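Beneath this line is the structure, given in structure tokens, with notes to follow.
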Amino acid sequence: MKIAVLSQKGSLYSTRRIREAAEERGHDVRVVDYLRCYMNITSRRPIVMYQGEELKDFDAVVPRIGASATFYGTAVVRQFEVSGVYSVNESQAISRSRDKLRSLQLLARAGIGLPVTGFAHSTKDIASVLDIVGGPPVIIKLLEGTQGVGVVLAETRKAAEAVMQAFRQLEGNMLVQEFVSEAGGADIRAFVIGRRVVAAMMRQAPEGEFRSNLHQGASAMKVRLTPEERTTAVRAARTMGLNVAGVDMLRSEHGPLVMEVNSSPGLEGVETTTGVDVAGKIIQFIEKNAAPGKTRDRARG
């Protein structure tokens, strides 16, 4: 098969591992910087161009779209889709998962466990939003934040009100969520491919920190998921319409609570921690599913 990995840098761990796994299985692989792609949107013959060359005859693309480049990156993925090329994660599903508010609304509609979450525009409604989530301590998240950036723990009502007012003055849209204290500063990353969890790790925040992102200094360990956690992770990925996803969950007194569904989950942490060849499993999924016309958005909303 001829596979394109859409990534800004071929040296990134995840990009490199996907390329290596594909080559080990005999496939022709090319890493393409999607920000250097441009498009000819012509009736009956949509074309993706790259450095003066038409990108054609690909059987599949693996999108590794950075959060800051979601709009243009998904446009490139969509151009491949309308050309009949199979995309591991479809453009609409990537856009859906990147919108934190939209994704939570879809997960809520599907009945998937979530932290109690509030959302409002006016600073006049701050007190009511805090009441919705049960009062402080609360987590306040900028919708545009990634990797733990733009996430604040407010331990008092005054602190929460000050943070929310500051975010609004900066024209930032934010979510307010209950603080799940029983999680103990830990979360679970379940790596979903197709309809099953292929690997999982627990990330523990360092002492004095509540964010369990590896980019924020958290430690990781292999974890055994409960049947409910496995089912929740797969349902969350399917609700977003993603074939490959990293589903972040908290363990609470009421069962697993989904925090986020990531459409371009990093491979380094989960492969290093679990020893699972996740990149190889992504390629195996492509081998079983890539065919012209098989890219089709299955989720609603």
Collect residues whose amide H, placed 1.01 Å from N in the peptide plane, falls under 5 Å from the amide H of L55; neighbours closer than 5 in sequence don't count.
V48, M49, Y50
Given a Förster distance of 41 Å, report the FRET efficiency between K9 and K158 from their Cβ-Cβ distance, rounded to the nearest 0.05.
0.40
In straight Cα distance, which lysines are under 26 Å from K124, not counting same-chain residues fewer than 8 positions off?
K100, K141, K158
Given H placed on each backbone N at 1.01 Å, which residues far from V31 in sequence or on other chains put an amide H within less than 5 Å of it?
V5
What spacing in nm lies between the two simple spin-label points modelled at S181 and R102, each 7 Å away from Cα in the Cβ direction?
3.7 nm
Calculate log10 I(q)/I(0) of region 117-179 for q = 0.17, 0.28 Å⁻¹, where I(q) comes from the Debye formula with a single equal point scatterer on each Cα and nothing for solvent.
-0.46, -1.33
How far is it, in nm, from the label point at D125 to the one at N40 when both lie 7 Å from their Cα along the line to the Cβ?
4.9 nm
Longest segment of the chain lacking GluC sites (Glu not before Pro) that sit in a DSSP loop with at most 12 other Cβ atoms within 10 Å
1-154
Which of G280, Q92, L153, positive extreme of dipole for the chain (C-beta unit charges)
Q92
In region 2-96, with Lys and Arg counted as +1 and Asp and Glu as -1 at Cβ, which of these residues, V32, A60, A75, has the Cα nearest the positive end of the dipole, that is, farthest along it?
A75
Report relative contact order for region 1-102 in percent, whole number only (criteria: Cα-Cα under 8 Å, sequence separation at least 6).
26 percent
Gained length - V116 relative to Q51, 0.36 nm times residue gap less alpha-carbon distance
18.7 nm
Kirkwood Rh over alpha-carbon pairs of the chain plugged into Stokes-Einstein at 37 °C, 0.692 mPa s gives a D in µm²/s of 163 µm²/s
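Each value in this text was obtained by applying a stated rule to the coordinates, not by laboratory testing. None of the values given here were measured: they were computed from a predicted structure. Positions of Cβ are generated from backbone atoms using ideal geometry, with glycine treated the same way; all protein chains shown enter the neighbour counts.
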